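Heads up, the thing below is written out as structure tokens.
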Amino acid sequence: RYVPSGVPFLRSQNVREFRFEPIGLMFIRSAFHEELSKSSLQPRDILVVRSGNAGVACLVPDSLGVANCSDLVIMRPNHALLPSFGCLYLNSSAAKGHVEAEKVGIAQRHFNTTSACRMPVPVPPWAEQERIVAKMGQFFDLLDRLAARLTDKTTAHAAFAAAAVHHL
């Protein structure tokens, strides 16, 4: 029931740790989106992969607008939980341990909404959540810069090696 354009329809391949991956994003008609109101998404919802890489989580980006999904657990934080803190927690080893312990099924084990409802989520005061998210943001920025430098050096090294081989 996919169409070339319409309402974005997210699947597990669009959810990576801490980030939405638009590659492979599918679309559905508005009428079908309305039929699937239970899986309608809102910006800042936390999406958790059910099967395969169960437990991997990201936030629905504000830029996505009206959207829907399949085979994802939707967690909608309440007023006490900062969505970005919830996403950080869900990608932590503590939360992944809970997901692993709660998987159900035989042929293909998956994490379901009942298990998600049982998951204990620590909720520090709002200011502490903001501080943790800001600090983690600094770490992620540093990691991105280091990865970019490594890529630049690897590319430069490969170009140098290719040039050396060419001159032999």
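The values are calculated or read from the model by the stated rules, or taken from the named source; none is laboratory data. All figures in this text were calculated on a predicted structure; none of them were measured in a lab. In this analysis, Cβ positions are derived from the backbone assuming ideal geometry, glycine residues included, and neighbour counts consider all displayed protein chains. Surface accessibility is based on the protein's heavy atoms, side chains included, excluding ligands, DNA and RNA. Shrake-Rupley method; radii C 1.70, N 1.55, O 1.52, S 1.80 Å.
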query = Quick check: is even one residue across the range 144-163 modelled with pLDDT of 90 or more, over 24 Å from residue 71 (Cβ atoms) and open to solvent by less than 60 Å² (accessible area, probe 1.4 Å)?
reply = no
task = Looking at (1) touching a helix residue (DSSP H, G or I) at 6+ places or on another chain (Cβ under 9 Å); (2) modelled with pLDDT of 90 or more, find the lone condition where residue 138 falls short.
result = (1)
key: Search result, residues across the range 55-79 that are under 14 Å from residue 21 (Cα atoms) and not hydrophobic (A, V, I, L, M, F, W, C)   = 61, 62, 63
Residue in the range 97-117 that is assigned to a loop (DSSP other than H, G, I, E, B), open to solvent by less than 40 Å² (accessible area, probe 1.4 Å) and at pLDDT 95 or above present = no
